[in-house]
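So the structure is just underneath, and the comments pick up after that.
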Protein chains: 2
Amino acid sequence: MRGQAIAAVRPRVVIVGAGFGGLEAARALAGAAVEVVVIDAKNHHTFQPLLYQVATAALSPAAIAWPIRHLLKTQANARVLMSRVVAVDPTAHQVLTEAGPVAYDQLVIATGATHSYFGHDSWEAFAPGLKTIEDALEIRRRILSAFERAELAGDDGAAPELTTFVVVGGGPTGVELAGAIGEIARDALKSEFRHIDPAAARIVLVEAGPRILPTFSEALAADAARRLARYGVDVRTRAKVVDVDASGVTLEDGRIDAATVLWAAGVRAGALTADLPGQHDRAGRAQVAADLSLPGHPEIFVIGDAAALASPDGRPVPGIAPAAKQMGAYVGRLIARRLSGRSPPPAFRYRHAGDLATIGRGAAVVRLGAIQLTGLPGWLFWGFIHVYFLIGLRARFFVALDWLWSYVTYHRGARLITGA
Amino acid sequence: MRGQAIAAVRPRVVIVGAGFGGLEAARALAGAAVEVVVIDAKNHHTFQPLLYQVATAALSPAAIAWPIRHLLKTQANARVLMSRVVAVDPTAHQVLTEAGPVAYDQLVIATGATHSYFGHDSWEAFAPGLKTIEDALEIRRRILSAFERAELAGDDGAAPELTTFVVVGGGPTGVELAGAIGEIARDALKSEFRHIDPAAARIVLVEAGPRILPTFSEALAADAARRLARYGVDVRTRAKVVDVDASGVTLEDGRIDAATVLWAAGVRAGALTADLPGQHDRAGRAQVAADLSLPGHPEIFVIGDAAALASPDGRPVPGIAPAAKQMGAYVGRLIARRLSGRSPPPAFRYRHAGDLATIGRGAAVVRLGAIQLTGLPGWLFWGFIHVYFLIGLRARFFVALDWLWSYVTYHRGARLITGA
């Protein structure tokens, strides 16, 4: 594990990050004569597509996150180190972790993305984003606390800013958060307050572009916007945020006082990726070659949200789970072939399966090639796909049961305010 | 709600704390012509008897905690305020919360207990206790992180103190924690580490008295000690802790180096109770009259772990959930009768149903009057009783399923390291 241990008999593949991409890369190396070392600052792999359900009190963290070493338990050539990687030293062929250096023969950077505030990092304290379990618990705390504070203020007259929620960013995460806050306000909290009517909460979805869900078709985006409006979400497009502070957001054309502001507007690669040699795009992602390696460093690969790559048709490979998984599988296969002396596979090709976003109870938008689904059929398909892709029988069974219970009762199972 | 609102038509009963006692008191007032105000610093009621299962990664917090206002949703005369009560003003008949003063006509203090370090408050940072969901998550973090750190240190030679766990206090909580850490080490983490053998972890249960489980019979305590030993727990009785620091504990007759020390040795009433007028016992509990009121203040009641009361036979009413519930129900009934002009009920009498403690997979000790159960029968009874007393169909169903799954697979469902 340490720098001195570089003279291992089997070549060592170090994978930094155990998200969708890193985990898939590790698994693709299961049969190879290599030593796989997976390093992650967390002990768990997070199923990010359902993180918004933790943030909105529908699911517990453990329903969508699993210990990385449990997932790789049966892969004899893999070991897992829980530590933060602070730097890559391409010359010395080692990564520096908080627990010391780890030498590599082949390196896979799969550290994903973090929130981007477009140069306004001070906004983060007022408008948290949603990338980790901790983020989700913080957002859950803010949403539920807002209603509690409004109830406390009840006797002192209206305090509408306490039950005003602004979600910045009209992509799938923003749409899902806004829709779920609507469900909390209308359904889950019904009849539980004496001074306020949670259903009167104001939810504003702010999008700088001309429409929400820009990666979806115009028809699907319009359907989503209509349904959000029906659920009480005020959708504001062409609305550019110019400031965020403790009491709300300032748009180019006005101000919204809100105790709770959530950020789903932009992502950028983390510092580790930004520090890699070579070219980067504006979001700090590393420009990779057609085989996902870093130009000039055939032994370093960057995959998933940390990589910038255009498909042959010029469109960028999107920052979604299926893309990360395909990249991980590709790189794992490539390394296995390379280290066993076989010819490399042809250039990576991203295959886009489709786009999904859920809006709320009984409504989602789905595009799968020529097929488009909305409303209940879309929602059922969305639910089925997400349960299918959860890891392990237990998670599938428990999440499906949780959803069934919530659908029948309108309740949410994890309405806890924890932490500071 | 504010001080000015004292002129309410219905008398107001303020209940501070929504644990077993406070919640029961609120419910006992459901039919009374009063205004019930339940104030708690948390938004949730915690099922404390299963908190050790959250601390040992078996259950998620939401499986054993529910929003207080959800539990009181259908009780029309009750409202819930989430705020911390910082002081009681018996003269002005109001409690001071962080959100302002709240006037009362009748007051029920049900704030429970916190950990006691017997004057060594500096030990708390090194040896957290287990009273809240946050405590449980902190303990979970420490237990799971210890194994991760040991794995990281693996190449540098043995670091036995990293996988040494000391539990101080041989009551039910200490026994349950020690047994569950044994299960984690032997079963849940099996085959997941490459450098260390989790099953070689050292678990020491330290008890100052002559035996563990002092409230149980000698035979049951001996059975528990035997089973703990079989599960690899080193039980040390007559072992007095003289110091706790970042690297372990010092006993009167020796030193144990341990990265993880947990505290289950003593409790004391919180500051609010200690500041009440009147007599207090050594643990800061308020001495109450036979009707659970504060002598000289017939309008103030103290119940549950905050109250010191002896049964007619001289034995103190124990600090367990059934006692708190009985006290809550009694006080609710008493207040309802008093405010409707009826005669007060006879003095409170505690009825002891029994004692239960689980040791680990397939073993518990149970005493119900003349009946004593150990081993698997005890464990099945323990599980049944705890599922039965959980609140709501959902919690019962999910916890029972979680346990069944864990029993069959030997896994634990919530092995997440979260927080700082």
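Taking other Cβ within 10 Å of each residue's Cβ, how do A:37, A:302 sort, fewest first?
Result, fewest neighbours first: A:37, A:302.
Could you list which residues have their amide H under 5 Å from that of residue B:94, counting only those 5 or more apart in sequence or on another chain, with H placed in the peptide plane?
Residues meeting the amide H criterion: B:89, B:104.
Just want the ordering: B:207, A:299, from fewest to most Cβ atoms lying within 10 Å of their own Cβ.
Arranged by neighbour count, lowest to highest, B:207, A:299 become A:299, B:207.
One decimal, nm, shortest first: give the distances between the label point of residue B:380 and those of the same position in the other copies, each label point 7 Å from Cα along Cα→Cβ.
Taking the point 7 Å beyond Cα along Cα→Cβ, the inter-copy spacings are 4.1 nm.
Per DSSP helix of 4 or more residues, -39500 (n - 2.57); summed, then divided by the residues of the protein assembly as shown. What does that give at 222 nm, rounded to the nearest 500?
Helix-only estimate at 222 nm: -9000 deg cm²/dmol.
Taking H as built 1.01 Å from N, whose amide H comes closer than 5 Å to the amide H of residue B:258, not counting residues under 5 places away?
Hits under the 5 Å cutoff: B:248, B:249.
What list of ³J(HN,Hα) values in whole Hz, one per residue of the range A:49-56 in order, does the Karplus curve 6.51 cos²θ - 1.76 cosθ + 1.60 (θ = phi - 60°) give from phi, with Gly and Pro shown as x?
Karplus values, whole Hz, x for Gly and Pro: x, 9, 4, 5, 6, 6, 5, 10.
For the pair residue A:405/residue B:281, report the inter-label distance in nm, with labels modelled 7 Å from Cα in the Cβ direction.
Output for this residue pair reads 3.7 nm.
Net charge around residue B:213, counting only other residues with Cβ within less than 11 Å of its Cβ (Lys, Arg = +1; Asp, Glu = -1)?
Charge balance near residue B:213 sits at -3.
Using the count of nearby Cβ atoms within 10 Å as a rough guide to exposure, how do A:216, B:348 rank from fewest to most?
In increasing order of surrounding Cβ atoms, one gets B:348, A:216.
If the label for residue A:199 sits 7 angstrom from Cα along the Cα-to-Cβ line, what are its distances to the same label in every other copy, in nm to one decimal, shortest first?
Counterpart label points of residue A:199 in the remaining copies fall at 5.8 nm.
How large is ³J(HN,Hα), in whole Hz, for each residue of the range B:350-367 in order, when computed from phi with the Karplus curve 6.51 cos²θ - 1.76 cosθ + 1.60 and θ = phi - 60°, using x for Gly and Pro?
Calculated HN-Hα couplings, in order: 7, 10, 7, 8, x, 10, 9, 8, 9, 10, x, 2, x, 8, 8, 10, 9, 10 Hz.
Mind listing the phi-derived Karplus ³J(HN,Hα) values for the range A:79-90, rounded to whole Hz, using 6.51, -1.76 and 1.60 with θ = phi - 60°, and x for any glycine or proline?
Result, rounded to whole Hz: 10, 10, 10, 8, 6, 8, 8, 9, 7, 10, 10, x.
Run the quick spin-label model on residue A:41 and residue B:30: label points 7 Å from Cα toward the beta carbon, then report their separation in nm to one decimal.
4.8 nm
Taking each residue in A:60-66, count the Cβ atoms of any other chain within 10 Å of its Cβ, then average. What number comes out?
The mean count of partner-chain Cβ atoms within 10 Å per residue comes to 6.
Just to confirm the filter: which chymotrypsin sites (Phe, Trp or Tyr not before Pro) across the range A:362-420 are DSSP coil and have at most 16 other Cβ within 10 angstrom of their Cβ?
A:410
What does the net charge come to around residue B:124 if you take all other residues with beta carbon closer than 15 Å to its beta carbon, with K and R at +1 and D and E at -1?
Cβ neighbours under 15 Å give a net charge of -3.
Take every DSSP beta bridge whose two residues both sit in chain B, then give the antiparallel share in percent to the nearest 5.
50 percent
Starting from the range B:77-165, pick out the chymotrypsin sites (Phe, Trp or Tyr not before Pro) whose DSSP state is loop and whose Cβ has at most 14 other Cβ atoms within 10 Å.
Hits after loop and neighbour filter: B:118.
Which log10 I(q)/I(0) values, to two decimals, does the protein assembly as shown give at q = 0.11 Å⁻¹ under the Debye formula with one point per Cα?
With no solvent term, the Cα-only Debye profile gives -1.34.
For residue B:274, what is the net charge nearby, where nearby means another residue's Cβ is under 9 Å from its Cβ and Lys, Arg count +1, Asp, Glu -1?
+1
Residue A:134 versus residue A:351, label points 7 Å from Cα toward the beta carbon: distance in nm?
3.8 nm
Could you tell me the number of lysine pairs in the protein assembly as shown with C-alpha atoms less than 23 Å from each other, where the two lysines are 8 or more residues apart or belong to different chains?
Going through the protein assembly as shown pair by pair, I get 16.
If I require 20 Å or longer along the helix axis, counting alpha carbons, and a Kyte-Doolittle average no lower than -0.5, what helices from chain A are left? Use full DSSP H segments.
Qualifying helices, which must be both long enough and hydrophobic enough, are A:133-153, A:321-339, A:375-389, A:393-409.
Read the figures in this text as sums done on the coordinates, not as results from a lab. The structure displayed is predicted, hence computed values, not measured ones. Every residue, glycine as well, gets a Cβ built from its backbone with ideal geometry; the counts of neighbours run over all protein chains shown.
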